[in-house]
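Step one of this worksheet: look at the structure below.
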Amino acid sequence: MKLLSVIVPCYNEEENVPYFYEELMKQESFFREKGVGLEIIYVDDGSKDRTVPEVRRLHDRDERVHLVSFSRNFGKEAGIYAGLSKAKGDFAVLMDADLQDPPSLLPEMYSYIEQGYDSVATRRVSRKGEPPIRSFFAKRFYRLMRRISKTEIVDGARDYRLMTRQVVDAILSMQEYNRFTKGIFGWVGFQTKWLEYENIERAKGETKWSFWKLFAYSLEGIMAFSTAPLAIASVLGVLFCFLAVILIIVIVVRTLIFGDPTSGWPSMVCIMSMLGGVQLLCIGIVGQYLSKTYMEVKRRPLYLVKEEL
Ligand code: UDP
Ligand code: MG
């Protein structure tokens, strides 16, 4: 008998925990016929509502339900890592608690694993029901990432992904502190089959991602999988040196021909403030990478567990 681990990161999902369980169990018979057992790992990411008691209740009824509960909110990325570490399955699948990742897709996903794929990933082809500015910036972000990063990051990719044990171990071997899961999946490689589906709105509760949280997350993604911003700083430096040489020549020639009537105070101020700005920007970029390095070097744990079932 093989085992499939279903990993569900939850942050304030009290209503979705039992609902998700019911919906998932509709797929149970398919897997039983295939000789695959299920295990469900709810990772509670420091929820402030009744998420943990709800999982405990399910655990009392069904011993295949497990819980990892964090001491505080560590973010979904940490939740994914914790779930994958706890998973004992020959396969693992990551799913959101809000049922935006439809369990009805599982049989199809599994059939590709049977065909020999190492992982089956999903992407949504529409962003129906999402605020338009969010979709706009998301599209820009993926386009930018494709240009500046060597790692493949697919537009609309979800974290809904079925993987073999080999892929799970590869992901667990990446112990970086700044985790950008979409990039990590691309980085580890392996044979991946992509399935597409229309966006589904969340079942209950509200999204945990504000616009600014997403914006910060996208910067995190850029810095974790690209060093292009650092290169931009060097390119700017070269450009300004070049400009300066031309200006010097112009001024020397002009002074030789027309003499030196005192003027040019406003242009001087403009040039100085512009260069000052560019320098601060570049130092800022370097600082961002330095701060990421600082966090990596500290080697703090990705999460702290308060309770486990
Ligand atoms: N989530 C989490 N920790 C967080 C934020 C979200 O574990 O800090 C979980 C959340 O409970 C859900 C999944 O990650 O199961 C996706 O979150 P959400 O549905 O809010 O994001 P969206 O689908 O709107 O991008
Ligand atoms: Mg969601």
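Brief remarks follow.
- Rounded if a/c under 1.5, otherwise prolate or oblate - segment 81-204, Cα gyration tensor axes: oblate
- When the Gaussian network model of the chain links Cα atoms closer than 10 Å, the mean-square fluctuations of GLU77, GLU176, GLU198 top out at GLU198.
- Choice from LEU247, LEU281, LEU106 showing the highest fluctuation, given a GNM over the chain with Cα pairs closer than 10 Å: LEU247
- Helix-only mean residue ellipticity at 222 nm for the chain, each DSSP H run of n ≥ 4 adding -39500 (n - 2.57), per residue, nearest 500: -17000 deg cm²/dmol
- Fraction of the pair-distance distribution of segment 215-309 above 18 Å, Cα-Cα pairs, percent: 66 percent
- Approximate spin-label separation LEU230-MET174, in nm, with each point projected 7 Å along Cα-to-Cβ: 1.8 nm
- Remark on segment 148-275: ratio of C-alpha radius of gyration to 2.2 N^0.38 Å is 1.83.
- The orientation-averaged projected area of the convex hull spanned by the Cα atoms of segment 165-209 comes to 5.0 nm².
- FRET efficiency for PHE242 and SER85, using Cβ-Cβ distance with R0 set to 45 Å, rounded to 0.05: 0.30
- Largest first and in whole Å, the equivalent-ellipsoid semi-axes of segment 267-307 read 40, 9, 4, each the square root of five times a Cα gyration tensor eigenvalue.
- Estimated FRET transfer efficiency when R0 is 35 angstrom, pair VAL297-ASP60 (beta carbons, to 0.05): 0.20
- In plain terms, the chain is cut at each of the trypsin sites (Lys or Arg not before Pro) found in a DSSP loop with at most 11 other Cβ atoms within 10 Å, and the longest leftover piece is 151-298.
- Reported to the nearest whole Å, the Cα centre-to-centre distance from segment 291-309 to segment 73-146 is 23.
- Equivalent ellipsoid semi-axes, segment 1-159, via Cα gyration tensor eigenvalues times 5, rooted, Å: 27, 21, 15
- Potential lengthening of the chain between TRP194 and VAL278 amounts to 26.0 nm, from the contour at 0.36 nm per residue minus the alpha-carbon distance.
- Charge tally for MET95 (other residues, Cβ to Cβ under 11 Å; Lys, Arg +1; Asp, Glu -1): -3.
- Of the DSSP H helices in the chain, those with a Cα length along their own long axis of 20 Å or more and a mean Kyte-Doolittle hydropathy reaching -0.5 comprise 132-148, 211-225, 228-258, 265-298.
- For the chain, the Rg and Dmax computed from alpha carbons only, in angstrom: 25.4, 94
- Residues of segment 11-31 falling in the label zone of LEU309, defined by backbone nitrogen less than 16 Å from a point 7 Å along Cα to beta-carbon, are 11-22.
- Restricting the calculation to Cα atoms, segment 36-79 yields a radius of gyration followed by a Dmax of 11.1, 34 Å.
- Isotropic mean projected area of the C-alpha convex hull, segment 1-79 (nm²): 5.2 nm²
- Checking every one of the chymotrypsin sites (Phe, Trp or Tyr not before Pro) in segment 206-304 against DSSP loop status and a limit of 15 other Cβ atoms within 10 Å picks out TRP209.
- Note on VAL269 and GLU23: the model spin-label points, each 7 Å out from Cα along the C-beta direction, lie 6.1 nm apart.
Taken together, the values in this text are just the output of simple stated rules run on the coordinates, not laboratory data. Bear in mind the structure is a predicted one, so any value in this text is a computation, not a measurement. Here Cβ is always computed from backbone atoms with ideal geometry, including for glycine, and neighbour counts include all displayed protein chains.
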